[in-house]
Amino acid sequence: MLPETRQARAAVEIARRLRRTGFESLLAGGCVRDLLLGREPKDYDVATAAEPERVMEVFPRSFGVGAHFGVVLVETEQEGERVLTEVATFRRDGVYSDGRRPDAVRYTSSAAEDAARRDFTINGLLLDPERALKDGDIRDAVLDFVYGLEDLQARRIRAIGAPENRFAEDHLRLLRGVRFAARLGFAIEEQTLAAMLAMAPALGRVSWERIRDELTRMLTEGRARRAFELLAETGMLSVVLPEVERMRGVEQPPEFHPEGDVWEHTLRLLAQLEPGCSATLAWGALLHDVGKPTSFRRAPDRIRFDGHVEVGVRIAAEIARRLRFSNDDGAQIAALVANHMRFGDVMRMKDSTLKRFFRLERFAEHLALHRMDCSASHGKLDNWEYAKRRWDVTPEETIRPARMVTGRDLIAAGFSPGPQFTEVLRIVEDAQMDGAVATREEALALALREMQKTHTMHADENDG
Ligand code: ATP
Ligand code: MG
């Protein structure tokens, strides 16, 4: 049986209509794998013997995407809602000369050939939708040209065909293999693993955007620890993130980090990332201690990492640039690294300092990172609990209170604008947030007192 979702219905309807015009049409790839595993497929893809022009004739509301790869997006209506389904023409890939894309795509009417060009056996399964709709074992409706059912049963990732060739054709498959192994908790079959080890350096030729997208998916699918263990074991980590690879074996003072080295600590954060978590939080977790390997020092009393935050911010920003993160996301990742140690002081912070801390963009991510950081080492959550409680009870308008005094008031009082304006207005704002001034009159009085102070100071300096 197939699930009763709009997506599933759309795919079945499209396959059925294409069949009626005489073209073999099947469900293909990830959705078949997920259905057999009892997981909810993200989307349903149709594979068909009909060429794209034919598909577009049958479905006027459709458009070609990546036209020369033979993919058409077909729009259907299911229960009054628009559903888009990818319909790909059966194909066999030509030669790959750049390690990324086939030089030419040739259509074929053979489903077996289409299965053979796919990456892993568990992704090469096809499903006859008409049969799948009938009662009974869904397995009876599967067309398995690549022994995918066996590998699915054995919980194994195996490349279709000769692994080294398949990874040489398209290097991104190296990362995809790790991603599926981690996501599904599958082992990597021996020869596939050997080929990954041998081919890992080829990842250096994949575009950083595509690497970033794969790594982000690994980080946000809920099995990030396993994914990064596999990246390390296969030698891929040192190619894509040498700065992270360097965390391995970097000792930490056991009194603060009973869990072990910087790598183990980081893995324990990754283990806490929930499926669907924010990408910047996930990258922040991965990189929060990335400055430690370079700032490692055996001081007389204990191991120290003086300045690791500053070094880490520089490295994280550099990684974000290299991986072509947007400026916003890059800044957020760097900010997570920059601020992760400040939670150690929250209980000693004045209200104004704490409120300024709360002004950080997406502060909830800072909180979440700190919680993971504690749970991944000593397990004490008192600073987190304190910060969380204060954050919960502090209304937004008191974090950024409306100003009681502005530069205009200072000008009106006879001062001419200068750098001390900013300084004094900041002092007044702090007093406001600390509750030291409650009215505009008090605030203005404080501002004038402070202006006088700096003026006398400046005068003194001039005298000297
Ligand atoms: P997900 O659940 O992450 O979407 P998926 O298996 O559906 O997993 P997609 O990236 O959506 O993966 O691709 C759909 C199908 O296309 C795959 O199952 C696989 O058969 C094939 N495929 C995708 N990328 C490649 C590739 N780089 N090389 C060979 N086949 C690929
Ligand atoms: Mg998919």
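What follows is calculated from the coordinates using simple rules that are stated; it is not laboratory data. Note that the structure is a prediction, hence the values are computed from the model and not measured. Ideal geometry is used to build each Cβ from the backbone, glycine not excepted, and the neighbour counts take in all protein chains shown.
Here are some notes:
- Here the dipole of the chain is about 300 debye; that uses its Cα centre as origin and unit charges on the Cβ of Lys and Arg (positive) and Asp and Glu (negative).
- FRET efficiency, 1/(1 + (r/R0)^6) with R0 41 Å, evaluated for MET341 and LEU84 via beta carbons: 0.35
- Across all directions, the average flat footprint of the convex hull enclosing the Cα atoms of the chain is 31.3 nm².
- The calculated FRET efficiency for MET349 paired with GLU164, based on their beta-carbon distance and R0 = 56 Å, is about 0.50.
- Test item: Cα-centred dipole of the range 299-396, Lys/Arg +1 and Asp/Glu -1 on Cβ, debye: 80
- Unsatisfied cross-links (Cα-Cα over 26 Å) in the set LYS350/LYS380; LYS350/LYS453; LYS42/LYS388: LYS42/LYS388
- Straightening the chain between ASP328 and ARG39 buys 100.6 nm, computed as 0.36 nm per residue apart minus the Cα-Cα spacing.
- Peptides 229-237, 27-35 ordered by average Cβ neighbours within 10 Å, highest first: 27-35, 229-237
- When +1 charges are put on Lys and Arg Cβ atoms and -1 charges on Asp and Glu Cβ atoms, the dipole computed for the range 187-296 relative to its Cα centre reaches about 300 debye.
- Full extension of the chain segment joining ARG440 with ALA154 gains 95.7 nm, where the gain is 0.36 nm per residue of separation less the Cα-Cα distance.
- Highest-first packing order for the peptide set 165-175, 69-79 is 165-175, 69-79, based on the mean count of other beta carbon atoms within 10 Å.
- Most positive-pole-ward Cα, GLY435, LEU369, LEU273, against dipole of the chain from beta carbon charges: LEU273
- Spin-label pair ASP98-GLU361: with each label point 7 Å from Cα along the Cα-Cβ axis, the two points sit 3.2 nm from one another.
- The three principal axes of the C-alpha atoms in the range 136-249 carry coordinate ranges of 51, 30, 26 Å, sorted with the longest axis first.
- Length-normalised contact order for the chain - Cα pairs under 8 Å, 6+ apart - percent: 8
- Taking the convex hull of Cα positions in the range 244-399, its mean projected area over all directions (nm²): 9.6
- Binning the C-alpha pair distances of the range 1-149 at 10 Å intervals from 0 yields a P(r) profile of 12, 43, 36, 9, 0 %, listed from the shortest bin outward.
- Listed peptides 434-440, 48-54, 282-288 appear in the order 282-288, 48-54, 434-440 once ranked by packing, highest mean of other Cβ atoms within 10 Å at the front.
- Between helix 6-20 and the chain there is an angle of about 30 degrees, using the helix long axis and the longest principal axis of the Cα atoms.
- Taking one quarter of the surface of the C-alpha convex hull of the range 367-450 gives a mean projected area of 7.3 nm².
- Annotation: amide H of TYR96 within the under-5 Å range of ASP103, sequence separation 5 or more or interchain, hydrogens built in the peptide plane.
- Taking θ as phi - 60° and the Karplus parameters 6.51, -1.76 and 1.60, the scalar couplings of the range 204-216 work out to x, 9, 8, 5, 4, 4, 5, 4, 4, 4, 5, 5, 5 Hz in sequence order, x denoting glycine and proline.
- Checking every one of the GluC sites (Glu not before Pro) in the range 329-388 against DSSP loop status and a limit of 15 other Cβ atoms within 10 Å picks out GLU361.
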